[in-house]
Amino acid sequence: MSIIFDEQRQIFNISTSNTSYIIRIFQNRLLLHLHYGKRIDNLEGIPDVPLNGSLSMSAHAAGFDGRVAIDVLPQEYGFYGTGDYRTPSFLAEYEDGSRISDFVYDGYQIVKGKQLLNGLPSTYVEEESEADTLEIYLADRLKGIRLILRYCAYNILDAITRNVIVENNGTECVKLKSVMSVCVDFADMYYDLTRLQGAWLREKHIEKNPLAHGRQVIDSKRGASGHDLSPFMALSRKNCDEVQGEVYGFSLVYSGNFEGSADVSYSGGTRVNFGINSFDFGWMLNGGECFTAPEVVMVYSDEGFGKMSRTYHKLYRTRLCRGKYRDKKRPLLINNWGATHYDFNEDKLILFARRANEVGVEMLVLDDGWFGKRNTDNCSLGDWYADVTKLPNGLNGLAKRLKEEGMSFGLWIEPEMVSPDSDLYRTHPEWCVHVLGRERTLSRRQLVLDLTRNDVREFIKDFMRRLLSKGNISYIKWDMNRNITEAGSQLLDKANQQEFWHRYILGLYELLEELTLEFPDVLFEGCSGGGGRFDAGMLYYCPQVWTSDMCDAAERMKIQYGTSMVMPASTMSSHIAESPDHHNMRSMPLETRADISLSAQFGFEVDIATLSENEIEIVREKVKLYDEIWQTIQQGDMYRLASPFEENCCSFLYVSEDKSEAVLMFYTLMAVPNSQGRRVMLKGLKPDGVYVEQQSGKKYSTQILEDYGISFPEDRDFKSSIMVFKEI
Ligand code: DGJ
């Protein structure tokens, strides 16, 4: 059992192999946070109250003396109204207009395994023995509200997941205004805060700042996790880098509005809260109902960001992603978007597919433009029937011809959207998200369907079922190209309007859950103008996500480097696209474009027919290499050896689980005149092993690879190399 309750000390000790999370019940009333970090088994000497020094101007919990200063005590879950002036994790408004809650300890339960969350994605276990769960109950006796704080410790991985359930056991309707999934009160403020910041074409760049007094927040108010900030944050010590130092990661398994904050109090402690954004959130909880807040996955590492990421990678790859494709080699695909945009027809696509098939590509993905009258982005979303001027034999006809060519068929679709110029909108103008009497703001000339409505969800399920049951479709790219404005639903009562944001995401999850379970052979890829909704929540339904619309290799290095903080390579789609790149017009050697794609989920967007014979040969070689290394890239341990945010190069290493194979990737950004080159040290190899580099046949000991390293010249702009080492 990885969770122990020490009756005498009234302490819960939640452990993974190398970490502990310790909570004390104080005088049968308060729940105090004592420790999160290195594993502690011997609790001798652990203090009663984790606080030193006298504090004035503090309120003291009812019935306690001055030792219990509520605004500085590390609490397990902060609530508003009785003297904790830090940002509360829970805030509600009661029928009498009061907003004060007073939660006291009300029991616990420890059970084997891990429960799934109602209507929400979460990590899971395959065997009960993989994890243990602790539920601690807090009760506000006056109002009949009970909080279930749920902690789940994985036995084989250093990850602890948390979420909160609010039960209304009273009779009045309570308006929930903030329900954070996690609260951790750290004892000091000497941390850096790492966030993943970005924009369309520039997703998930790493930004790191020291904490300062006051509240530092990352959030989204867009109705999706968004391009600009991701639902992930980390607190790390000053000496922390890729290989050393303490870091705490928090990753929210949710795809909508989120809020993560680090609140440094006047007394020097830091409170981390993470959950659904409390901005414009309100949930009416009637007597007898409960509300489930999404899961946060906490990972502590004392071996830097590298180990933290590897823990996330393994957990998300094997216990968050699901379905047939989770551990499988994904079909090697070519997507026509980069090459044709809206300008294609059946014959052109067949030619495109044939050329691709000749070099080993297995699937054609038909992107935007196959339906309605869609020749530009100004119409037809919602009219999900094939445009016969482009596809005279329909989707089925195309799929049949592709099959004859030896290719399977994948399809792009944007189910959550509607164009004002569409039959769907003309028939159901009330189905889009809007507020009566207000103008409907367009973005990419489209509107968002109101997924909080049952009729809208049924419509989407219906056309998706029709497509998937007869279209010979093996893959779906589920795109979503705008964020929400005029939030609200005509079918929600006035009092429930602020439930809209969360209900939208619950609606999305319902669609994805039903469709992915009903069509288990279809590979679903997530997308939102690239990585605008690339979050842990989506991985539960889509084992891969289109990482970015930016395919220029130099930009992709940064995007994939940042994304790899949390997301495994198996989830990051990465295609060879045209050069010069359509967005930044940068020219890039084909090898480098291929090599950056090979560091994630390899594929194509480039029109293979336009490549020279020499380039076709390069592509053939890269496809061969993909066949050799995919398993190590997809399932191995990843090490970031050089950061494009800090240096003029980037380097990734993947080591297979049994350590018999290592794939080293090195990319130079700008050439450095008269440089002596950059040496990178490999990691995670078999101790005392000997490896052969496959191209040169040269042997290397583990010591040479790890302690001396491999040197790369930096003599050409955008040069790349991939070296494969096999143990002998
Ligand atoms: C945005 C996606 O990220 C692109 O790959 C492409 O599918 C376009 N949408 C199509 O509209």
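The values are calculated or read from the model by the stated rules, or taken from the named source; none is laboratory data. All values reported here derive from a predicted model rather than from experimental measurement. Quick reminder, even Gly has a Cβ in these numbers, built from the backbone with ideal geometry, and neighbours come from all protein chains shown.
Quick notes on this structure:
- Hey, residue 376 polar (S, T, N, Q) and within 16 Å of the ligand (Cβ to nearest atom) or not: yes
- Looking only at region 333-352, and only at residues there that are of a type in the set (A, V, I, L, M, F, W, C) and farther than 18 Å from residue 403 by Cβ, the one that is nearest to the ligand (Cβ to nearest atom): 337
- Residues within region 661-711 that are assigned to a loop (DSSP other than H, G, I, E, B), basic (Lys, Arg) and more than 17 Å from residue 721 (Cβ to Cβ), tallied: 2
- Residues in region 672-698 that are within 24 Å of residue 561 (Cα to Cα), at pLDDT 95 or above and not β-branched (Val, Ile, Thr): 678, 679, 681, 682, 683, 684, 685.
- Among the residues making up region 539-573, those that are within 14 Å of the ligand (Cβ to nearest atom) and either of a type in the set (Phe, Trp, Tyr) or touching a Leu at 6+ places or on another chain (Cβ under 8 Å) (or both) are 542, 544, 545, 546, 548, 549, 550.
- Residue identified as surrounded by fewer than 23 Cβ atoms within 10 Å (Cβ to Cβ), in contact (Cβ under 8 Å) with a residue 12 or more places away in the chain, touching an Asp or Glu at 6+ places or on another chain (Cβ under 7 Å) and aliphatic (A, V, I, L, M) among 381, 332, 398: 332
- Qualifying residues in region 516-538 (those that are part of a helix (DSSP H, G or I) and under 25 Å from residue 462 (Cα atoms)) - the one nearest to the ligand (Cβ to nearest atom): 538
- Which numbered condition residue 100 misses (of (1) buried (at least 21 other Cβ atoms within 10 Å of the Cβ); (2) outside any strand (DSSP E or B)): (1)
Results for (1) closer than 14 Å to residue 489 by Cα; (2) touching a His at 6+ places or on another chain (Cβ under 8 Å), shown as yes or no for each residue.
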position: 420; (1), (2): no, no
position: 427; (1), (2): no, no
position: 430; (1), (2): yes, no
position: 440; (1), (2): yes, yes
position: 447; (1), (2): yes, yes
position: 471; (1), (2): no, no
position: 476; (1), (2): no, no
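- Candidates 320, 285, filtered to the one that is closer than 24 Å to residue 477 by Cβ and away from the ligand (no atom under 16 Å from the Cβ): 320
- Residue within region 114-133 that is of a type in the set (Lys, Arg), over 21 Å from residue 159 (Cβ atoms) and at pLDDT 95 or above present: no
- Residue check for residue 727: acidic (Asp, Glu) and either farther than 23 Å from residue 565 by Cα or surrounded by 17 or more Cβ atoms within 10 Å (Cβ to Cβ) (or both): yes
- The single residue among 652, 666 that is crowded, with 18+ Cβ neighbours inside 10 Å, under 17 Å from residue 243 (Cα atoms) and either free of Cβ contacts under 8 Å to residues at least 12 places away in the same chain or not small (Gly, Ala, Ser) (or both) turns out to be 652.
- Any strands (runs of 3 or more DSSP E) falling wholly within region 256-354 and containing at least 1 residues that are at pLDDT 95 or above and of a type in the set (Phe, Trp, Tyr): 258-264, 270-276, 283-285, 290-292, 296-301
- Test set (1) within 16 Å of the ligand (Cβ to nearest atom); (2) touching a Gly at 6+ places or on another chain (Cβ under 6 Å); (3) of a type in the set (Phe, Trp, Tyr) - residue 500 fails condition number: (1)
- Residue match in region 608-629 (condition: at pLDDT below 95, crowded, with 19+ Cβ neighbours inside 10 Å and farther than 16 Å from residue 331 by Cα): yes
- Selection count, region 607-662, where residues are more than 25 Å from the chain's Cα centre (by Cα) and hydrophobic (A, V, I, L, M, F, W, C): 10
- From the list 557, 585, the lone residue that is in a loop (DSSP other than H, G, I, E, B), more than 24 Å from residue 357 (Cα to Cα) and either modelled with pLDDT of 95 or more or of a type in the set (Asp, Glu) (or both) is 585.
- Sole exception among (1) within 16 Å of residue 326 (Cα to Cα); (2) under 15 Å from the mean Cα position of the chain (by Cα) for residue 476, by number: (2)
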